[in-house]
1. Taking the stated definitions as given, is Gln221 of a type in the set (S, T, N, Q), free of Cβ contacts under 8 Å to residues at least 60 places away in the same chain and within 16 Å of ligand 3 (Cβ to nearest atom)?
2. Would you point out which residue out of Ala223, Ala199 is open to solvent by 10 Å² or more (accessible area, probe 1.4 Å) and modelled with pLDDT of 95 or more?
3. Working carefully through the options Ile169, Ile126, find the one that is crowded, with 20+ Cβ neighbours inside 10 Å and without any contact (Cβ under 8 Å) to a residue 60 or more places away in the chain.
4. Condition (residue is within 13 Å of ligand 2 (Cβ to nearest atom) and open to solvent by 30 Å² or more (accessible area, probe 1.4 Å)) applied to region 136-151: is it met by at least one residue?
5. Which residues, taken from region 64-75, are in contact (Cβ under 8 Å) with a residue 24 or more places away in the chain and either in contact with a strand residue (DSSP E or B) (Cβ under 6 Å, 6 or more places away or on another chain) or surrounded by fewer than 20 Cβ atoms within 10 Å (Cβ to Cβ) (or both)?
6. Can you tell me which of (1) part of a helix (DSSP H, G or I); (2) free of Cβ contacts under 8 Å to residues at least 60 places away in the same chain is the one Ala132 doesn't meet?
7. Hey, Phe108 hits all of (1) farther than 22 Å from Ala238 by Cα; (2) within 16 Å of ligand 2 (Cβ to nearest atom); (3) not β-branched (Val, Ile, Thr) but one; which does it fall short on?
8. Restricting attention to region 85-93, does a residue exist that is surrounded by fewer than 15 Cβ atoms within 10 Å (Cβ to Cβ), farther than 22 Å from Met207 by Cα and either of a type outside the set (Asp, Glu) or free of Cβ contacts under 8 Å to residues at least 24 places away in the same chain (or both)?
Amino acid sequence: MQTTIESKESQLLTPPDGPAGELPDFTTEEYKDAYSRINAIVIEGEQEANDNFVAIGSLIPEDQDHLEGLGRMELKHKRGFLACGRNLGVAPDMAFAKKFFAPLHNNFLKAVKEGKIATTLLIQAILIEAFAISAYHVYIRVADPFAKKITQGVVMDEYFHLNYGEKWIKKNLVTVKDELMKANKINLPIIRSMLDQVADDASVLHMDKEELMEEFMIAYQDALTAIGLDNRDIARMALAAVV
Ligand code: PL3
Ligand code: FE2
Ligand code: FE2
């Protein structure tokens, strides 16, 4: 068969075989039911991300304006995901999403009260942002065309948020390393359990759990490298997800 440039391009655009690569039927009740929880999780996650960046701004006065700017980006993301649900005729289950975030959110609020900046940044700018980046990457491959466009715009911004956390922690690493390790030991297992909780609904959206975990570990380990940690520290931190 003669291969034209055009057909090569379309091969590249064809998703891989298997359920995670095929587009789901966005109109079924099963899809909409799963979407009502996943959509709520991202809406709540974006709202809490705004609140968290504003709270972190109160702890780092010299960056307050910048952090409030990051928060405003999160509110824009929230509006984008609200539109995704509306577009599919789905009402987000916000009560479910609030419960989903509660353990991590409570730890965040406690760290703010105690003035533990590194812990707040680990939770919001590293763990939550890496979770969002990985989930959005996987979702983009199987999203409806409307949501795909919105999510592509959002994921670019999330790297910017991750980058803020990386830079602050890197600059202060000598003094905050112990706090960072302790906070990671407590909060990485919570992220792991959030992933477990979302896996069944995600698979209805044709998002594969292994792929989600893989993407998360890439974003998380890249962030730890950018912070200036060595391979041994990174391995030690990542192990908190399994033990
Ligand atoms: C920070 O900017 C955002 C925090 C959001 C956390 C999202 C967690 C994602 C869970 C799985 C969602 C799959 C994507 C579906 C999008 C409708
Ligand atoms: Fe966001
Ligand atoms: Fe973000």
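The values are calculated or read from the model by the stated rules, or taken from the named source; none is laboratory data. Small disclaimer: the values here were computed from a predicted structure and weren't measured. Here Cβ is always computed from backbone atoms with ideal geometry, including for glycine, and neighbour counts include all displayed protein chains. Accessible surface is based on the protein model in full, side chains and every heavy atom, while ligands, DNA and RNA are left aside. Shrake-Rupley method; radii C 1.70, N 1.55, O 1.52, S 1.80 Å.
1. No, not satisfied.
2. Ala199
3. Ile169
4. Taking every residue of region 136-151 in turn, at least one turns out to be within 13 Å of ligand 2 (Cβ to nearest atom) and open to solvent by 30 Å² or more (accessible area, probe 1.4 Å).
5. Hits for region 64-75 are His66, Met73, Leu75.
6. (2)
7. Of (1) farther than 22 Å from Ala238 by Cα; (2) within 16 Å of ligand 2 (Cβ to nearest atom); (3) not β-branched (Val, Ile, Thr), only one is false for Phe108: (1).
8. No - not one qualifying residue is present in region 85-93.
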